[in-house]
């Protein structure tokens, strides 16, 4: 398939650049089977969609402050987006400057934290800092909001660009489907007998990386760290045994769960995944996906097309635009039943 098949036009006013006052005030669009209608409601209606046979799996990663603004020795402004901490004082990341950055250049962040550019690794650079990188990020870094928001992060984002259950720092972007859940909703879901489990996938640079190849099969997928525990695997096996559905909150959760499948078998795992899901992929673990609306030509949109069916998801996006749903990270959500799942029941 060609990348252009995953393009669509979105009016600029539908990009959600700021969060709603209340997390669960978002809207949700339900996409199921080959139905041509797309019921919509407020997000808490998800609790009515779930039943006590189901298991809800969420990504408990936590977003770190990863964007540093500094200066070169010459005085020119430089921006560093930390994508991976390698050791106490070394890290990989993207560097942006008006002029090319040379190896062995000295960079200064907040006027006192010095770093040396040691190596260029594809699109990224390896930097060596004089102080522990984690302490520097905690002290002076900002959250790296997606470029389409067109603004720097604010104090409010430090709370709202995190899920309420995120507990394992390491992501540079939020697993945005989880942003809709507040404590009240999670408690209602649990009170219905729905079991809730967690995976960890640290959302990385690929979230911001567009597909530039003409054919999607030529795209080089990014790798991200993830882990799925024995406890979560057991929750999924129990749900399957009682005829329940595996409901993934977010594409990151889905990618982690599909990465641990070997046919009908699933096993706990910790490591990296570079799984690239696009139309033609056969899903082994996830039955229902809760997700936000994704950018045109993105790997996430390709995943959603694969999960819900190309024409069905395309029609749902058209409907969402007509109904003025809010798009992207701070936007509204979809609840998609896996294509053909109704025929399997």
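The values are calculated or read from the model by the stated rules, or taken from the named source; none is laboratory data. This structure is a prediction, so every number in the text was calculated from the model and none was measured. Because the Cβ atoms are built from the backbone with ideal geometry, glycine has one as well, and the counts that use them run over all protein chains shown.
If I filter region 281-293 down to residues being in contact (Cβ under 8 Å) with a residue 40 or more places away in the chain and in a loop (DSSP other than H, G, I, E, B), which single residue comes out as nearest to residue 50 (Cα to Cα)? Give the derivation first.
In the first step, residues of region 281-293 are kept if they are in contact (Cβ under 8 Å) with a residue 40 or more places away in the chain; the result is 283, 285-293.
Remaining after also requiring in a loop (DSSP other than H, G, I, E, B): 283, 285-287, 293.
Numbers: 283: 20, 285: 17, 286: 14, 287: 12, 293: 21 Å.
Top of the filtered list is 287.
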Tell me which of these residue 4 doesn't satisfy, since it passes every other one: (1) within 20 Å of residue 307 (Cα to Cα); (2) buried (at least 18 other Cβ atoms within 10 Å of the Cβ).
(2)
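Please work out if residue 247 is over 17 Å from residue 169 (Cα atoms), in the same structural domain as residue 47 (by TED's automatic domain parsing) and part of a strand (DSSP E or B). Quick ask: steps written out before the conclusion?
Details: over 17 Å from residue 169 (Cα atoms): yes; in the same structural domain as residue 47 (by TED's automatic domain parsing): yes; part of a strand (DSSP E or B): yes.
Yes; evaluated as a whole, the condition is true for this residue.
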In region 19-34, anything in a loop (DSSP other than H, G, I, E, B) and surrounded by 13 or more Cβ atoms within 10 Å (Cβ to Cβ) is listed as 19, 20, 26, 32, 33
Checking residue 47 against (1) under 22 Å from residue 149 (Cα atoms); (2) surrounded by 12 or more Cβ atoms within 10 Å (Cβ to Cβ); (3) in contact (Cβ under 8 Å) with a residue 60 or more places away in the chain; (4) assigned by TED's automatic domain parsing to the domain that holds residue 315, which test does it fail?
(1)
Only listed residue being touching a strand residue (DSSP E or B) at 6+ places or on another chain (Cβ under 6 Å), surrounded by fewer than 17 Cβ atoms within 10 Å (Cβ to Cβ) and under 22 Å from residue 239 (Cα atoms), chosen from 284, 267
284
Filter result (assigned to a helix (DSSP H, G or I) and out of contact with any strand residue (DSSP E or B) (no Cβ under 8 Å at 6 or more places or on another chain)) within region 301-320:
301, 302, 303, 305, 306, 310, 311, 314, 315, 317, 318
Matching residues, region 131-153, being part of a loop (DSSP other than H, G, I, E, B) and closer than 17 Å to residue 62 by Cα:
141, 143, 144, 145, 146, 153
Given the criterion crowded, with 21+ Cβ neighbours inside 10 Å and within 30 Å of residue 25 (Cβ to Cβ), identify the matching residue among 171, 156, 115.
171
Determine whether region 303-311 contains at least one residue that is within 15 Å of the chain's Cα centre (by Cα), within 21 Å of residue 11 (Cα to Cα) and either crowded, with 24+ Cβ neighbours inside 10 Å or not assigned by TED's automatic domain parsing to the domain that holds residue 46 (or both).
yes
Residues within region 174-192 that are in contact with a helix residue (DSSP H, G or I) (Cβ under 8 Å, 6 or more places away or on another chain), buried (at least 18 other Cβ atoms within 10 Å of the Cβ) and in a loop (DSSP other than H, G, I, E, B), tallied
2
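Matching residues to (1) touching a strand residue (DSSP E or B) at 6+ places or on another chain (Cβ under 9 Å); (2) over 23 Å from residue 236 (Cα atoms); (3) without any contact (Cβ under 8 Å) to a residue 40 or more places away in the chain:
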residue: 112; (1), (2), (3): no, yes, yes
residue: 124; (1), (2), (3): yes, yes, no
residue: 130; (1), (2), (3): yes, yes, no
residue: 138; (1), (2), (3): no, yes, no
residue: 147; (1), (2), (3): no, yes, no
residue: 161; (1), (2), (3): yes, yes, no
residue: 172; (1), (2), (3): yes, yes, no
residue: 192; (1), (2), (3): no, no, no
residue: 198; (1), (2), (3): yes, no, no
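Mind checking which residues of region 250-277 are assigned to a loop (DSSP other than H, G, I, E, B) and more than 24 Å from residue 310 (Cα to Cα)?
Filtering region 250-277 down to residues assigned to a loop (DSSP other than H, G, I, E, B) leaves 250, 260, 263-264, 267-268, 274-277.
Matches in region 250-277: 260, 264, 267, 268.
Would you confirm, using the coordinates I've provided, whether residue 247 is closer than 23 Å to residue 122 by Cα, in contact (Cβ under 8 Å) with a residue 60 or more places away in the chain and crowded, with 20+ Cβ neighbours inside 10 Å? Write out each step before concluding.
Values: closer than 23 Å to residue 122 by Cα: no; in contact (Cβ under 8 Å) with a residue 60 or more places away in the chain: yes; crowded, with 20+ Cβ neighbours inside 10 Å: yes.
Criteria not met by residue 247.
Only residues that are in a loop (DSSP other than H, G, I, E, B), over 17 Å from residue 179 (Cβ atoms) and in contact with a strand residue (DSSP E or B) (Cβ under 9 Å, 6 or more places away or on another chain): list them for region 38-62, please.
Here is the first cut: in region 38-62, the residues in a loop (DSSP other than H, G, I, E, B) are 38-39, 50-54, 60.
Now restrict to residues that are over 17 Å from residue 179 (Cβ atoms): 38-39, 50-54.
Passing the criteria: 38, 39, 50, 52, 54.
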What do you reckon, is residue 223 assigned by TED's automatic domain parsing to the domain that holds residue 330 and free of Cβ contacts under 8 Å to residues at least 40 places away in the same chain?
no
